[in-house]
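The values are calculated or read from the model by the stated rules, or taken from the named source; none is laboratory data. No experiment lies behind these values; they were computed from the predicted model shown. Because the Cβ atoms are built from the backbone with ideal geometry, glycine has one as well, and the counts that use them run over all protein chains shown. These area figures cover heavy atoms from the full protein model, side chains too; ligands, DNA and RNA do not enter into them. Shrake-Rupley method; radii C 1.70, N 1.55, O 1.52, S 1.80 Å.
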Amino acid sequence: NVSVNIADDLHPVFGKQSDIYRVLMNLCKNAAEAVENEGSIFINAENLQVSENNSADRNLPPGNYISLKVKDTGKGIAEENLKKIFGLGFSTKNKKSKSGLGLKIVEEIILKHDGRITVNSEYKHWTEFTIIIPAAVKHELQPAASSKKTILIAEDEHTLRELLVELLQS
């Protein structure tokens, strides 16, 4: 059972689409293996506003972000493994089965996008990965205080200087 909830007004992000896709596929593959056809997977994506008031709590500067969560009701991760989960070469999988990118590479991709990834789990019950990536929100330009501007043209040759003036005026 897979449940997907994506906000209608989800902000875009600057990043490499294939990298974000690889991260999602890896987390979803891990979740599917954890539930073994007997649990549920929840995928949630929403906008996140970090203000001055809560930026320290999230260890993020104030701004607009995307929060992406992949949660499963599978095996969970033992507490002693939670501290090692993003370690290079660390795996709880049976080595006979194929493994994905590895969570170390997932973490590197997210960090490369100036994001954060965290994991919470209750052993034998559930696991939730939370990714926070800066949103690419357009900022409206403020009109200039004065519309009158001066451009200084420094050119020794009179003809070229006049041509530049005419070009800029047009």
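May I ask you to list the residues in region 54-78 that are more than 25 Å from PHE14 (Cα to Cα) and not small (Gly, Ala, Ser)?
ASP72, THR73, LYS75, ILE77, listed by residue number.
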Subset of region 49-73 that is β-branched (Val, Ile, Thr) and part of a strand (DSSP E or B) - its residue that is nearest to VAL137 (Cα to Cα): ILE66
Given (1) at pLDDT below 90; (2) under 16 Å from ALA34 (Cα atoms); (3) in a loop (DSSP other than H, G, I, E, B), where does GLY76 come up short, assuming only one miss? (1)
By residue number, the members of region 103-117 that are touching a strand residue (DSSP E or B) at 6+ places or on another chain (Cβ under 9 Å) and exposed (fewer than 15 other Cβ atoms within 10 Å of the Cβ) are LEU111
Scan region 118-154 residue by residue and report those that are modelled with pLDDT under 85 and open to solvent by less than 60 Å² (accessible area, probe 1.4 Å). VAL137, SER146, ILE153
Where a residue in region 20-49 is under 19 Å from TRP126 (Cβ atoms) and its partner, wherever it lies, is assigned to a strand (DSSP E or B) and among the β-branched types (Val, Ile, Thr), with Cβ under 6 Å and at least six apart: LEU27/VAL70; ALA31/ILE41; ALA31/VAL70; ILE41/VAL2; ILE43/VAL4; ILE43/VAL70; ALA45/ILE6
In region 1-48, which residues are exposed (fewer than 12 other Cβ atoms within 10 Å of the Cβ), outside any helix (DSSP H, G or I) and modelled with pLDDT of 90 or more? SER3, VAL4, ASN5, ILE6, ASP8, ASP9, PRO12
